[in-house]
Structures are given as C-alpha cells and as structure tokens.
Amino acid sequence: MAASYRLIPRAGCHGVWTECTEWSSSQGNIQIGLLGKKFFLTADADNVRAILATQFKDFVTGPNRAGAFGYFVGKSIFTSDGPFWEHSRSLFKPHFATGHINDLEATERSCLDMFEAISARKNGQWTHPLDLQALFLRFTLDNGMEFLFGANVRSQLAAIPGASTIYQLDEVTRMAADTAGADMGFTEAFHVASLQVTKRAKLQSLYWLADSKEGRKAVKYLQKFCEYLVNATLQASEQTSANERTNPPQAKKQTLLKALAKDTHDPIELRDQVLFMLTAARDTTAALLSWMFLMLAKHPPVWEKLRESIIKDFGTEKAPKGVLTFSSLKHCTYLQNVMFETLRLYPPGPLNTRMAVRDTTLPVGGGDDGKSPIAVRKGETVNICVYAMQRRTDLWGEDALEFRPERWEGRKMDWSFLPFSGGPRTCMGQQYALTEAGYLTVRLLQRFDGIQAVEGLDVIEQFVTVTLEPTKGVNVRLREAASSYIASLSFEFVPSSNNFEQAEAGGSQHSTFNIVEVRKKGFTRRHECCGVQLPQGVAIPSG
Ligand code: HEM
C-alpha cells in the first residue's frame, strides 16, 4: 500500500535548489512546503529510475519547464512533451550517430584556435594568468556550431584583440565574439537570460513571477543571433548546392540545421530549436571542462597521473601516437574516470523536474521510516536532486565529497550516477560531449605539462544558472611542455632590441630572455623566449 502524500513543512526552507545542495536528510526523499505549495524531492536511485524510465508514461516535463525555460528557448525539444518532442527526437537522432561524432576535424580546428588564443597570453614557457572558463565557452560554442549546424563561427580567434583588423568577420562571428558593438554582448546576454530562467525554474509553478526588462532584452539579442545564424548557414548551403550542380561534390555533409529546415519552414520553430541546441552544446560541456580543470589545478597528483596516461596512449604533441577517436578516447580509462568524477561532484545539470500526469506511486519515500512506496497525485511536481544523490555518503562512501577519480576503478554504472539523465529523454549529446571534452583535454595536456591556480580557487564557490558553474571562473597559468614550446619558437622570428635578466614569474630561477617578435597567421606580437635547451640544429636569432 502506498503511504499517503504527507507534507512535512521544513523550518528554514529556502527553496528546492537550496534543499538540493544542502541535503542533510539521511533519507533519499524529502517533501517541502514553499509559498503555500508542496514539492517532492528525491535523491533516491530507485525513485529516479521509476520517474525517468520504468514509469516514464506517468510523468511529463510539464508546464513548469515550458514556463521557465520556454522564456529563453521557446518551443523546443527540451520544453515539449508528446508528439512534438517525439518528432524532434527522431529528427535529431541520426545526427548523433557515432560516425558523425567521429568526424573530429572541426574539433581539432577548435583546439588550434584555443591554442592560438592562449598563445596571445603567453609569457615565455608559462602563460599569463588566464580564465579557462571563458576559453572553454568559446571552444564549445565554435565546435558545437560546426557539429550541429555546419557553421564556421571561429569566435575564439575573433575575440583575440586586433583580430578584426586582420580577418573579415561576418555578423554572426562578431556577435559570438562580443565584438559586434551592441550595448549587450553575446556572453552577457547568455548570462542574463540564464539567470532569468534560473529564477523562474526555482519558483516552479510560480515561474511567471520572475520577469525583467533586462531578461527580455537578453533573450531578444540571442534570438537575433540565431536568426542570423539560420539565415547565413542556409544561404551558404544554397550557394554550395548551386555550385555543386556544376561541380558534383564528393560527399555532402548533412547537418542538423539542414534536417530541421527540410522539416519546417516556420522561422520561429527553427530559431527556438537552434537556440536550445546552442545552449545545450555550449554551456554544459564548458561547465564539465571548467570544473575538471579547476579540480586538476587543485589536485596536482591527478594532473600528473592524467598527463602520464595521455602521453602513454596518445604520445606527445610533437610525437603523437594513434588517432584520437570516440573509441580511443573511451579506452583511455583514467581520462574517463577524471571526467566521471567531475560530473559526479559537479553535474552541469544539478536538478531535474517532472510533473505527474496521473495519480501514481514511487517505490520509496512513504511510511514512518520512508521505506514504503509513496503516492504522487496528478499535477504534483517531483524534483530529481542529481547533485545530492551523487554526493550521498551511503552510496559513494565516507569520502563522497572528495575528488578522487580512482573510486571509478571497477565501478559499474547505475542509477545513482545520472549527469546526463536517463530513460527515453536521456541527453542526446552525451557521447558527443564526452568525446569533445576528452579530445580537448588530451590536446591541452599534450601541449601543457604544468598548471598553477592563480586566484579565487582556494574556496570553491558554485553558482547555478542554466548550468552549475564555478562562480569565479578558472584562473590558472599553464606551462607549455618543452617540446611544444621549442616548436612554437620555430615561427618567423624578427630579431628585436635587447636581452635582459628577469626572474621567471612564478618560479625562483633567473633566465635569460631574448625578446623577439613572432609573426604567425598575420598576428604580430612580442614574445619572450627563455633560455631553454634547444635541440641540435635549432637556433633562435637574438638581437
Ligand atoms: C557535459 C555535457 C552535457 C550534460 C551534463 C548534459 C545533460 C543533459 C541533461 C541532464 C538533460 C535533461 C534530460 C531530462 O530532461 O531528463 C539533457 C538533455 C538534452 N541534451 Fe544534454 N548534456 C550535455 C551536453 C549536450 C550536448 C553537447 C548536446 C548537443 C550537442 C546535448 C543535447 C541535449 C538534448 C537534445 C537534450 C534534450 C533531450 C530530450 O528532451 O529528449 N547535450 N542534457
């Protein structure tokens, strides 16, 4: 027999998110009262499996998600149920096949663009302090745009100071790189819109209480961006098709945007689906990468062990081994374990929500001991606290709050680990996201052999908007591995004025610096190269 649904008012309850992050119940389920409404929260794997998979038909994402997220992403796969959701899912499915994920040419290009952006902040073998979070957001934006829409945005390069004088940048790129000159840039618009959505999501069925002029302006800006993107990409594809009629192509690349455009000519539907996919592709994977590098900066032994595994499996940047593919990345066990451990402690989507469409029961949470089934009435909301579940000491051990990738050795996947959700609505981009994040991690650790936290990393502060992010960014310095560093010196050198002695920032020893100018891809900048040991035959001209 299912226990009746009893509301347990909790003193000091500040809302669903606070309850989820400060989960203190020894049980996997709680019910809270908030603004006269009642909510069921679960961090119990059996309940989660029932809601998402075995009793899928009893629940929908419902009006709360549509009301909170629809403000930003309109009517899209994420904010819909029923036939529209089913149709979107089957339309997108072929795009996430392994063959397409394995097309990693664009990912390599996005990595090189990121290296270029890092080089612009270099100071000898160490970089100047840089916020990796900002660079990751551009990486996932550029790479996602190419993967999903075949759009060559290159916002990473375009954001390097001075780039606009070198490249002819189109409107989409200038908007994405925050250099379009509008009073609200792309990054800010994304942040403001996400904050507004978060406020609405926290209010659950009272989402309509949160609205603001600033929020609407941000959403409008992003909608305009998507309209440009859709038009520019479709025009480019029409032009290619016209050229192909005279010169038949070798192979046509099918993109998700082309599939969408074949399916609907409704510009609003196209714009909204694109805006959701853009959000899904950019913020979530950037959050995974940000938390992972923050953890690596705080745990030097994990950085060292990860770099060793990467060099063993894939070689160094200058002497690479094997090919980076979906499968070879998956077989690099320690890399996977580091990503899983990051997703466990900092799931980019920490909270998920469903609404019951009929009277039903969930396996546990009822009775005096909370171990009996519990009734959920039609129209009631259930919150899945992934964040709390993945930190429970009874499921993960006494050291559940510690970052320890080794805990994954020999561990089987089950419903207590759910960063990508599960069941028929599981994240469609899971394999793509892990491949993309794994690829960039390998390339970064091949190129850089040291990482140093700069500021703001002593105390970890987290902030939840559409995703869970480190509040103060990921401010670090990276040290270029000697072989990559020497190779990077073999660009075109223009000898410049003086040699001087300078204490190497962050290190104790003194090095002799030769000031040279490096010209590469049209960028000219000053470059300080320290007195490294050069291989035979390599000479650096000095002034
Ligand atoms: C680390 C990266 C990512 C994480 C942690 C993540 C997580 C999630 C979660 C928790 C959901 C909600 C599922 C539900 O409502 O039960 C979701 C949905 C979705 N994600 Fe991801 N995601 C990531 C990356 C991506 C990427 C890169 C893409 C696309 C390129 C993507 C595409 C989608 C789509 C299309 C849905 C909607 C599925 C549906 O409603 O049927 N995700 N994701």
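No value in this document is a laboratory result; all are computed from the given coordinates. From a predicted model like this one, the values you see are computed outputs, not experimental measurements. Glycine gets a Cβ as well: all are built from the backbone with ideal geometry, and neighbour counts include every protein chain shown.
For the stretch 274-303, there are no residues whose amide N sits under 16 Å from a probe point set 7 Å from the Cα of A400 along the beta carbon direction.
In plain terms, the residue of I32, I460 with the fewest other Cβ atoms within 10 Å comes first and the most crowded comes last, giving I460, I32.
Taking the inverse of the mean reciprocal distance over all distinct Cα pairs, the Kirkwood hydrodynamic radius of the stretch 252-350 comes to 16.4 Å.
Put a dot 7 Å past the Cα of I268, heading toward its Cβ, do the same for R89, and the two dots end up 2.5 nm apart.
Considering all different alpha carbon pairs of the stretch 16-483, the Kirkwood hydrodynamic radius works out to 23.3 Å. Evaluating 6.51 cos²θ - 1.76 cosθ + 1.60 at θ = phi - 60° for every residue in the stretch 119-126, the Karplus couplings come out as 4, 5, 10, 8, 9, x, 6, 8 Hz, glycine and proline recorded as x.
Among T255, T21, T98, the ranking by other beta carbons within 10 Å of each residue's beta carbon, starting with the fewest, stands as T98, T21, T255. Going from the fewest other Cβ atoms within 10 Å to the most, the residues F225, F96 appear in the order F96, F225.
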